[in-house]
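Peer 1: I'd like to ask some things about the structure below.
The values are calculated or read from the model by the stated rules, or taken from the named source; none is laboratory data. The shown structure was predicted, so the numbers you read here are calculated from the model rather than taken from an experiment. Counting neighbours? That spans all protein chains shown, and the Cβs are built from the backbone with ideal geometry, glycine included. The area values use the complete protein model at the heavy-atom level, side chains included, leaving out ligands, DNA and RNA. Shrake-Rupley method; radii C 1.70, N 1.55, O 1.52, S 1.80 Å.
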Number of protein chains: 2
Amino acid sequence: MSQELAPVVQEFELFLPRPSLDDQRADEARLRQALTEKIGSRPYLPLSVLRKLTKVLREGDFRLRVLLAYDGEGWQVLDLYPAEEVRSLLGLGIDLGSTGVVFYLLDFRSGEVLRRHSFKNPQIPYGEDILTRLHYANRPERRQELHQLTIKAIGQEIKTVLAEYSEEALYYIALCGNTTMEHFFLNLETYYLYREPYIPAVSWVDTLKARTLGLPAHEEALLFVFPNAGSYFGGDLLAGILASGLHRQEEISILIDVGTNAEVVLGNKDFLLACAGAAGPALEGGILSCGMQAAPGAIERVRIDPETLEVRYQTIEGEKPQGICGSGVIDLLAQMFLAGLIDQRGKFVPSRFPERFRKIDGESAFVLAFEEETAHGEPIYVTEGEMKSVIRSKGAMYTILTVLCGSVGLTLDQISRFYIAGSFGNYIDPEMAVTIGMLPDVPRERFVPLGNAAGKGTVTFLQNKEAFQELRDILANLTYLEMNVRGEFMNLLTGALFLPHTDLNLFPSVKRKLGLE
Amino acid sequence: MSQELAPVVQEFELFLPRPSLDDQRADEARLRQALTEKIGSRPYLPLSVLRKLTKVLREGDFRLRVLLAYDGEGWQVLDLYPAEEVRSLLGLGIDLGSTGVVFYLLDFRSGEVLRRHSFKNPQIPYGEDILTRLHYANRPERRQELHQLTIKAIGQEIKTVLAEYSEEALYYIALCGNTTMEHFFLNLETYYLYREPYIPAVSWVDTLKARTLGLPAHEEALLFVFPNAGSYFGGDLLAGILASGLHRQEEISILIDVGTNAEVVLGNKDFLLACAGAAGPALEGGILSCGMQAAPGAIERVRIDPETLEVRYQTIEGEKPQGICGSGVIDLLAQMFLAGLIDQRGKFVPSRFPERFRKIDGESAFVLAFEEETAHGEPIYVTEGEMKSVIRSKGAMYTILTVLCGSVGLTLDQISRFYIAGSFGNYIDPEMAVTIGMLPDVPRERFVPLGNAAGKGTVTFLQNKEAFQELRDILANLTYLEMNVRGEFMNLLTGALFLPHTDLNLFPSVKRKLGLE
């Protein structure tokens, strides 16, 4: 990752020979020849650039700056201006999540992310989950409607994020999302996406002009939409792989992305094996009655003293608690387990701490924050049934990892790195995730938090034009392993539905913590 | 020219494997892989095509037709439809002359020109000659005005020529014109075109979408504008070279294009030497008081019996005469000369046929058609002064040919073919042109009339995608010879201002006709 990167937008300063009776080349030929020498291939010159070329050359006495963008096949000139002008050169990475959308505003000059900006996916009123939206979009005019409101919202937010810059300063947009989100974004047919045999309209979208979709940007700005590897393996995951870099390495690593699904990729520079399973919603906090996204007020850390049973927690941005997010749930489960408040089978033990346990809707619940502590005056709790869902999710995750490794004849301790991505990837405490048996009990330095890997992948793309080839290679190397059809999975899952596992020897560090060694 | 040609638009019928759980490739990947095998490179798929792909595949049970266009770098998919649909596939060649515009509507399926359509250049009210229009266009808003009226007129005429087809059937437009016309067409800066050192804004225009200019055509239709080789060597001339094919031959030939200027290209597949001179206007009939374009009613053929002095003429489409066009002027001069009505120095001999000679504005004039014969009731005549202009023009043409040959150490009789292009190129009688000493006295089968070579070049382009490379090679091989700066030219011109020449031995066949041998 430390080699010199060549971003997809580059500026060259040129001093062209002045025309004379001995050199009557057209302005275009003069420019094109100089550029071809610089970049080693013949650039495309759009009409808008040809129209301003003559003036720019003469205003700057044939000294000028030329802005080029790489489209995957070659370079296109986007703009040019006299050499003394210094313009902002911005790129925008977009992670179009089904719940939230995140922007990364990149400065191509410094290579730095200037701003991170997030907002809700405007499709949510049409369905919390993707399937509801897909059903809604069965009629073309409704799909068109979802498309337009998505474009409109993204367009408005682009204007917001560009507030102090001109729209003209935005030269490249790279967008990723799951396959459905990308289809809505481009207004592609979604009908067959979720019907057997689950065929996307498009896998690879050739780079287009941002204006084709009416997005606010420079008139020649390019738009790249990440390719998908199938209906259930979207451009967001490919962006995640790109961000992790595991596809460039000799050693074999695993990328874990816990979103609405749990998606896992195992591999290295020679092969990539992917699978997905419905491990996600509970781990995101999504299905819990007090669950919430990782946002201010979400409880993200929990500690329970195994002796005094004192409960401490930490919220995002230190605000009064409003709910609990994915990393908070994992912490809570681990802490309850270590404190003996939940047993190995996931059964609550109210007798050990009666003040914290209540019956809610006839079910046993653990109160993490009492009424008087919270922002809304309601308690924040998790029921036994909900915790069982979390345990199923963590068990599914561990089983996916085991099966995936096994399918290439490896064991989990032979994996060099575990890249942890997802909306809560930045915050997950691997120690806790190991404690509950979600992640394998390997040396902790092997866990690499990636945060929003999809979003970071869009930035990686903008920073490095080789990403085009890397994505092509990833697609070519990627095999999708259908997980749920393997009987082995169900057998293995049974063992993983315990805390941390029926086979405690798989989790020696947890065994030690429990004083069982 | 007989090798199999590959047009710039091609249709492929494909039967794609149907998707299944064992073949979950996206529709786009399925199509792209099949196309890549067919064409040997990766095609570009625009968003409009991706949006309809899914439906078309399923409507036609994965049997479909795909329309691709070559843009000079690779193939782009323009459209697709179920295999049972048969669509019209049209291309349009446009010769944007400064006086008249000619369309050639091509059927890509048969390779045939379906229709030829011509109309006046709408810029004429802004100046009969190009320089007046260039001066007018000095202010950007006025250049914009000329651009817009040109696009508007071309757009309207496209609708006319497509009357019985849909606009959607037009997939490719190839346009040529002189450098100024092309700059107006594209709205490029023209200020430096006609100021030393005479630099065009653009030489090579990368293929663009026709919709960029708002032309009526299929939404993905491509537009190619012929490259120029300088301010005074336009895309029309390159189109003419392409149509002549001289750049593909082993033997050395000459292409003569008489428009407002006389442009001449000498060469073969290895080199091309070009020059231009102000030989044109008189030969076009342009500066004559009774001159007119080659249009219905124009006298195009003249015969004068050397014995009886009976005058006969023929008009275009047999209508009552309205004026005289280029080929008529050449005929008239030759016939007057052979009949002894004009002497070797260009002096009229009224005494030989007093009924036909009059004094008009104090000058001697030969009346070719009397008042009672013409459409407008006015006589059609040529004055002695006008005929002297014609002789200067023909002398300039012959001198250009001589100098050009001499510059590569050849004589005119070593030239394999003389391709005669220009608005009157179809009609010129080489016998007469030799008689007046405009063309060299070589075996007549060496003269190859091309008609509107520029227009034909646009058709050649549409019929053959190799034209892209040929045009690049032509540009690379072309050297421009500045004619007027050579003292030799003026010396040689003096001899060519006689009929047919001071050195009658250069014109043995004329010598025989005159009974001087």
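Peer 1: For the range B:109-181, just say rounded, prolate or oblate: build the C-alpha gyration tensor, square-root its eigenvalues into a ≥ b ≥ c, call rounded for a/c under 1.5, and beyond that prolate if a/b exceeds b/c, oblate if not.
Peer 2: prolate
Peer 1: I've got another one for you. Quick check on chain B: helices-only [θ] at 222 nm, where DSSP H runs of length 4 and up contribute -39,500 (n - 2.57) each and the sum goes over total residues. Nearest 500, please.
Peer 2: -9500 deg cm²/dmol
Peer 1: A follow-up question, please. Leaving out ligands and nucleic acids, note down the accessible area per residue over the range B:234-276 with a 1.4 angstrom probe, in whole Å².
Peer 2: 22
Peer 1: Can you name the residue in chain B whose Cβ lies closest to the B-to-A rotation axis, and give that gap in whole Å?
Peer 2: So the chain B residue sitting closest to the axis is B:GLU73, 4.
Peer 1: OK, next. Test of understanding: what is the full-extension gain from B:ARG444 to B:THR160, defined as 0.36 nm times their sequence separation minus their Cα-Cα distance?
Peer 2: Between B:ARG444 and B:THR160, full extension yields 98.2 nm more.
Peer 1: Between the label point of B:GLN148 and that of the same position in each other copy, find the distances and list them shortest first in nm, with every label point placed 7 Å from Cα along the Cα-to-C-beta direction.
Peer 2: Ordered by increasing distance: 2.9 nm.
Peer 1: Share of antiparallel DSSP beta bridges in the range A:287-370, in percent to the nearest 5? Please report the intermediate quantities before stating the final value.
Peer 2: On the way: 10 of 13 bridges.
Looking only at bridges with both residues in the range A:287-370, the antiparallel portion is about 75 percent.
Peer 1: Share of antiparallel DSSP beta bridges in chain A, in percent to the nearest 5?
Peer 2: 70
Peer 1: Which of the residue pairs A:LYS394/A:LYS513; A:LYS152/B:LYS55; B:LYS394/B:LYS511; B:LYS388/B:LYS456; B:LYS269/B:LYS456 have a Cα-Cα distance greater than 29 Å in the structure shown?
Peer 2: B:LYS388/B:LYS456
Peer 1: Apply the a/c threshold of 1.5 to the C-alpha gyration tensor of the range A:390-495 and tell me whether it is rounded, prolate or oblate. Spell out each step's value before the answer.
Peer 2: Numbers: a/c = 2.08, a/b = 1.38, b/c = 1.51.
Oblate is the answer for the range A:390-495, as a/c is 1.5 or above yet b/c matches or exceeds a/b.
Peer 1: With every protein chain in place, what's the accessible area of A:LYS320 (1.4 Å probe, Å², nearest 10)?
Peer 2: Here the residue's solvent-accessible area equals roughly 120 Å².
Peer 1: For the B and A pair, go ahead and give the buried accessible area with a 1.4 Å probe, both sides summed, in Å² to 100.
Peer 2: 3500
Peer 1: In the full protein assembly as shown, how much of A:THR479 is accessible to a 1.4 Å probe, in Å² to the nearest 10?
Peer 2: The accessible area of A:THR479 comes to roughly 80 Å².
Peer 1: I need the inter-copy label distances for B:VAL86: point set 7 Å along Cα to C-beta, values in nm with one decimal, smallest first.
Peer 2: Taking the point 7 Å beyond Cα along Cα→Cβ, the inter-copy spacings are 6.5 nm.
Peer 1: Right, next: Helix B:326-338 versus the longest principal axis of chain B: what angle, 0 to 90°, nearest 10, using Cα atoms?
Peer 2: 30
Peer 1: If you line up the long axis of helix A:467-477 against the longest principal axis of chain A, both from Cα atoms, how many degrees apart are they, to the nearest 10?
Peer 2: With rounding to tens, the tilt is 50 degrees.
Peer 1: While we're on this one: Name the GluC sites (Glu not before Pro) in the range A:241-272 that are in a loop by DSSP and that have at most 14 other C-beta atoms within 10 Å, would you?
Peer 2: A:GLU250, A:GLU251
Peer 1: A follow-up question, please. Mind grabbing the accessible area of A:ILE130 for me, 1.4 Å probe, Å², rounded to tens?
Peer 2: For A:ILE130, solvent-accessible area is about 40 Å².
Peer 1: From the label point of B:ILE287, set 7 Å from Cα along Cα→Cβ, how far away are the matching label points in the other copies, in nm, ordered shortest to longest?
Peer 2: 9.2
Peer 1: Same structure again: Work out, step by step, the length gained on full extension between A:ARG312 and A:ARG139: first 0.36 nm times the residue separation, then minus their alpha carbon distance; give nm to one decimal.
Peer 2: 57.2 nm
Peer 1: Angle between the Cα long axis of helix B:140-161 and the longest principal axis of chain B, 0 to 90 degrees, nearest 10?
Peer 2: Compared with the principal axis, the helix lies near 80 degrees.
Peer 1: Same structure, new question: Just check the range B:154-268 against the gyration tensor rule for me: Cα atoms, a ≥ b ≥ c as the square roots of the eigenvalues, rounded for a/c under 1.5, and otherwise prolate or oblate depending on whether a/b exceeds b/c. Don't skip to the end; give the middle numbers.
Peer 2: On the way: a/c = 2.30, a/b = 1.43, b/c = 1.61.
Oblate.
Peer 1: Roughly speaking, what is the stretch gain from B:ALA476 to B:ILE287, that is 0.36 nm per residue apart minus the C-alpha to C-alpha distance, in nm to one decimal? Walk me through the intermediate numbers first.
Peer 2: Numbers: separation 189, 0.36 × 189 = 68.04 nm, distance 3.57 nm.
Taking 0.36 nm per residue and subtracting the Cα distance, the gain is 64.5 nm.
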